[in-house]
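Participant: Sending over a structure as structure tokens; questions will come in a sec.
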Amino acid sequence: MVGDVMAKPLRIALVGNPNCGKTALFNQLTGSRQKVANYAGVTVERKSGYLVTPHGRKLQVLDLPGTYSLLATSPDEAVTRDVCMGRYKGEPAPDLLICVVAATNLRLHLRFLLELLQLGRPLVVVLNMVDVLEKYGIRIDVPRLQSELGVPVVTTVGVRNGGAKNLITLLDEMMPQQGVLHLPKLNSSVILENSSCVHDRVRKILETCVTRDRPLAVKLEDVLDRWVLHPIWGMIILSFLLFIMFQAVFSWAQPFMDMLQDSINRLGILVSTLIPEGPLRGLVVDGVIGGAGTVVVFLPQILILFLWILALEESGYLPRAAFLLDCFMGCAGLGGRSFIPLLSSFACAVPGIMATRTIQHTRDRIVTILIAPLMTCSARLPIYALLIGAFIPNKSVIGVFNLQGLVLFVLYIVGILSAFIVARLLKKGGEERFLLMELPHYHWPSLRNLLLGLWQRAKIFLSRVGTIIVSLSIILWALSSFPAPPSGSTGTALEWSLAGRIGHILVPIFSPIGFNWQICVALIVGLAAREVAVGALGTVYAIAASENDISGSLIPLLSAQWGLATAFSLLAWYVYAPQCLSTLAVIRRETGSWRMVMITVVYLFALAYIAAFLVYRITGLFMG
Amino acid sequence: MCFRQVFLKKRHIPVKLSTQAKSLYHEKRNEQKKPLNTLPLYHSGVVDHVEALFPQDMIAKRLEELGFVPGEPVKVIAYCPLGKDPIAVEIGFTRFALRSSEARRVILR
């Protein structure tokens, strides 16, 4: 009996307004023992992790989406409400709610806290960001606040190492033994009152508990926002940041990519010497190392892209960019709230589509989901980089711009413009839409959060390489190696293989857009995920060339075998083609309808085919 | 909408702010109204009330939850590059981006 109780860790949930530092605190509590879970069939990405207190009690910690109110207006807010109230499908209410309030923004955050208190569930208040109070000259009487609220209050600094110590100590005290929770008894003046006077109540609490040492000095926001939100300067700053971001993806990543490529080549050579000549060596060297290795090389680019996006997100800049772009997004018929999901789609459409949960307006949300795959995700980078490397000369234009970087930039722009046109076509009529977006306080991104975020991305990417891409590479290797050509046959072994035959069957469909049968093979396996196509081309040509250095040899091989028109056509194809099963799966999950998935697939493939066709014909005309 | 009803029924949290706002609205409807979206850049005002444009106006409700309550000072800190929609305002310690249609629900003194 007791053993049963002891086996089960208590569940605690972090709740609070957006921008109260909840996630930083969550990272403090759980460290790297966290997982980002996408529960199947549910439209939510939740983080959960484990915390082991100094006394050895184990707790499961949930990080819930931030919300201003239990009256939810968007799907992510509804999740928080349902979990807090114990109405979440197949999940009991958390044993303890930890309401995080930012000490710097008590006036806003206390309101939600009072609303939560009325639920009457076990609750602890965490006064976060107390380190900034000093700077603002504000003093908060914590014991007084505690007696006013009638629940325990502890102070934390989510962004500092060991900043959550007070909370962990309290949790330890509250749990005399594993699985048992004792709320400390306070002479509670618990307020279960009319919510219409919640704001008065908040004002009263602030009057009694908060004192100001000195009049407020000029805030950082005052100075920065004058520039950052300025109609002209703001746009210049935004374009500059985005431009640097794209340049960084190419130039900063290069040394790391060279290093990775080098070690993969060495691994290939090492393995070739260890394994005797035969099918097994082919499988490992051509299939696994040739296929998956080609994709792993692009990890640094992906991480740098994520580093930028995470840093912009953490610093509080992203909502401001959304503010600046809101009127332009309005031209496309979308709200500024669509900006953040679309920007994260540059990293990957999957989190981007999940981020659309913050859009209250249903039609806006659907349109944003439909155009999110048009944002150039990081999985396209390997393909773009490969083709650009093979066909665009590495020279500078007007002295400063690198031609390869410029072409990449153009590809991104084409995707964005297409997305806007599609959105414009899908959205007619001007219904009223929400914006109501908080512009949070600026702060330096914490290194710990950045590293954790990057680590999670790297893990997701590598596990994809390790699972989908390796297995597809192996299948592809098998398909392209067997059956072996009959003795005395002419032509390469590949043309006799199954993959070669399938490729040849598809050629009539794709020859109008200039694709040869090798590309057709890559496209089929690349249906699962875009970057697989690069691995696939690597495997296909590796078998033909029997080389270890796949990507290195692939570039000259491609530029020798393909015409410029074919290369451009393939680039155009990849701007549009929905070659990513995870995106389609997430669209299904988020919209709950297969119809949306079908619409996405059909319209994107149609666009891809038309664009590739036009590009192929036009380039063909110009090149004679 | 149904979430809201279920929630209200179960938890007995009366949400009467909008009716309060509405009665104020009726009192003041003949007076000169000064909505937030007419406030010039870097100027301050004091919130008088939030006007619900129709019954069950979720935007008005949310504005009140965000702290646009009678007596709060509010300041315009930025306009959008193409005109005055959206605007950025500061209320209390917080800054919000509001669309002009949202800002016009906030009536100043």
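The values are calculated or read from the model by the stated rules, or taken from the named source; none is laboratory data. Worth saying up front: this structure is predicted, and the values here are computed from it rather than measured. Cβ sites come from the backbone with ideal geometry, for glycine too, and all protein chains shown count toward neighbours. Side chains included, ligands, DNA and RNA excluded: accessible areas come from the protein's heavy atoms. Shrake-Rupley method; radii C 1.70, N 1.55, O 1.52, S 1.80 Å.
Participant: Filter the stretch B:60-97 down to residues that are assigned to a strand (DSSP E or B) and at the interface with chain A (Cβ under 7 Å from one of its Cβ atoms) and give me whichever is most open to solvent (accessible area, probe 1.4 Å).
Facilitator: Going through the qualifying residues, I end up with B:TYR79.
Participant: Residue pairs, Cβ under 6 Å, 6 or more apart or interchain, first in the stretch A:561-581 and more than 14 Å from A:THR619 (Cα to Cα), second assigned to a loop (DSSP other than H, G, I, E, B). List them.
Facilitator: A:GLN579/A:GLY526; A:GLN579/A:LEU527; A:CYS580/A:ALA529; A:LEU581/A:ALA528
Participant: Please find, within the stretch A:112-133, the residue that is surrounded by the most Cβ atoms within 10 Å (Cβ to Cβ) out of those that are closer than 18 Å to A:HIS441 by Cβ and within 11 Å of chain B (Cβ to nearest Cβ).
Facilitator: Going through the qualifying residues, I end up with A:PHE112.
Participant: Is it the case that some residue within the stretch A:478-498 is touching a Phe, Trp or Tyr at 6+ places or on another chain (Cβ under 9 Å), open to solvent by less than 30 Å² (accessible area, probe 1.4 Å) and modelled with pLDDT of 75 or more?
Facilitator: yes
Participant: What number of residues within the stretch A:591-624 are open to solvent by less than 40 Å² (accessible area, probe 1.4 Å) and under 19 Å from A:ALA379 (Cβ atoms)?
Facilitator: The initial filter retains those residues of the stretch A:591-624 that are open to solvent by less than 40 Å² (accessible area, probe 1.4 Å), namely A:591, A:593, A:596-597, A:600-601, A:604, A:608, A:611-612, A:619-620.
Next cut, under 19 Å from A:ALA379 (Cβ atoms) only: A:597, A:600-601, A:604, A:608, A:611-612.
The number of residues fulfilling the criteria is 7.
Participant: Tell me yes or no: at least one residue of the stretch A:400-414 is closer than 23 Å to A:ALA292 by Cβ, in a helix (DSSP H, G or I) and not charged (D, E, K, R).
Facilitator: Within the stretch A:400-414 (the criterion being closer than 23 Å to A:ALA292 by Cβ, in a helix (DSSP H, G or I) and not charged (D, E, K, R)), the answer is no, since none of the residues qualifies.
Participant: Looking at (1) in a helix (DSSP H, G or I); (2) crowded, with 19+ Cβ neighbours inside 10 Å, find the lone condition where A:SER418 falls short.
Facilitator: If we test A:SER418 against (1) in a helix (DSSP H, G or I); (2) crowded, with 19+ Cβ neighbours inside 10 Å, just (2) comes out false.
Participant: Any idea which of (1) assigned to a loop (DSSP other than H, G, I, E, B); (2) touching a residue at least 24 places away in the same chain (Cβ under 8 Å); (3) within 14 Å of chain B (Cβ to nearest Cβ); (4) within 25 Å of the chain's Cα centre (by Cα) is the one A:TYR88 doesn't satisfy?
Facilitator: (2)
Participant: Is the stretch A:352-369 home to any residue that is in contact with a Cys (Cβ under 9 Å, 6 or more places away or on another chain) and open to solvent by 20 Å² or more (accessible area, probe 1.4 Å)?
Facilitator: Our first condition is that a residue be in contact with a Cys (Cβ under 9 Å, 6 or more places away or on another chain); within the stretch A:352-369, this holds for A:352.
Among the residues that remain, those that are also open to solvent by 20 Å² or more (accessible area, probe 1.4 Å) are: none.
No - not one qualifying residue is present in the stretch A:352-369.
Participant: Of these, A:THR358, A:THR376, A:THR368, A:THR362, which one is more than 14 Å from chain B (Cβ to nearest Cβ) and more than 22 Å from A:LEU527 (Cβ to Cβ)?
Facilitator: None of the other options fit; the residue is A:THR368.
Participant: Here is a further query. With respect to A:ILE468, is the statement that it is open to solvent by 20 Å² or more (accessible area, probe 1.4 Å), under 36 Å from the mean Cα position of the chain (by Cα), within 21 Å of A:CYS580 (Cα to Cα) and modelled with pLDDT under 75 true?
Facilitator: Criteria met by A:ILE468.
Participant: Answer yes or no: is there a residue in the stretch A:312-319 that is touching an Asp or Glu at 6+ places or on another chain (Cβ under 8 Å), within 14 Å of chain B (Cβ to nearest Cβ) and open to solvent by 10 Å² or more (accessible area, probe 1.4 Å).
Facilitator: Yes - at least one qualifying residue is present in the stretch A:312-319.
Participant: Conditions first: (1) in contact with a strand residue (DSSP E or B) (Cβ under 6 Å, 6 or more places away or on another chain); (2) surrounded by fewer than 24 Cβ atoms within 10 Å (Cβ to Cβ). B:ASP57 passes all but one, so which condition is the exception?
Facilitator: Of the numbered conditions (1) in contact with a strand residue (DSSP E or B) (Cβ under 6 Å, 6 or more places away or on another chain); (2) surrounded by fewer than 24 Cβ atoms within 10 Å (Cβ to Cβ), the odd one out for B:ASP57 is (1).
Participant: Restricting attention to strands (runs of 3 or more DSSP E) lying wholly within the stretch A:4-85, give those where 1 or more residues are surrounded by fewer than 17 Cβ atoms within 10 Å (Cβ to Cβ) and at pLDDT 85 or above.
Facilitator: A:45-52, A:58-63
Participant: Still on this structure, I have one more. Give the number of residues within the stretch A:91-101 that are without any contact (Cβ under 8 Å) to a residue 60 or more places away in the chain and of a type in the set (A, V, I, L, M).
Facilitator: Final tally of qualifying residues: 1.
Participant: Do you know which residues across the stretch A:137-182 are in contact (Cβ under 8 Å) with a residue 40 or more places away in the chain and acidic (Asp, Glu)?
Facilitator: A:ASP141, A:GLU148, A:ASP172
Participant: Show me the helices (runs of 4 or more DSSP H) found entirely inside the stretch A:219-304 where at least 3 residues are more than 14 Å from chain B (Cβ to nearest Cβ) and open to solvent by 10 Å² or more (accessible area, probe 1.4 Å). If you could, list the steps in order and put the result at the bottom.
Facilitator: On the way: elements: A:220-228, A:233-251, A:253-274, A:293-296.
Filter on the stretch A:219-304 gives A:233-251, A:253-274.
Participant: When only residues in the stretch B:40-59 that are in a strand (DSSP E or B) and of a type in the set (Gly, Ala, Ser) count, which is farthest from the other protein chains (Cβ to nearest Cβ)?
Facilitator: Among those that are in a strand (DSSP E or B) and of a type in the set (Gly, Ala, Ser), it is B:GLY45.
Participant: For the stretch B:99-109, which positions are modelled with pLDDT under 90 and either open to solvent by less than 10 Å² (accessible area, probe 1.4 Å) or among the aliphatic types (A, V, I, L, M) (or both)?
Facilitator: B:GLU102
Participant: Same structure again: Kindly check whether there is at least one residue in the stretch A:181-204 that is modelled with pLDDT of 75 or more, open to solvent by 90 Å² or more (accessible area, probe 1.4 Å) and more than 14 Å from every other protein chain (Cβ to nearest Cβ). Before the answer, list the steps.
Facilitator: Going through the stretch A:181-204, the residues modelled with pLDDT of 75 or more turn out to be A:198-204.
Subsequent filtering for residues that are open to solvent by 90 Å² or more (accessible area, probe 1.4 Å) retains A:204.
Next, from what is left, pick out any that are more than 14 Å from every other protein chain (Cβ to nearest Cβ): none.
Looking through the stretch A:181-204, none of the residues is modelled with pLDDT of 75 or more, open to solvent by 90 Å² or more (accessible area, probe 1.4 Å) and more than 14 Å from every other protein chain (Cβ to nearest Cβ).
Participant: Give the stretch B:98-109 a look and list any residue that's among the small types (Gly, Ala, Ser) and either more than 9 Å from every other protein chain (Cβ to nearest Cβ) or part of a loop (DSSP other than H, G, I, E, B) (or both), or say none.
Facilitator: B:SER100, B:ALA103
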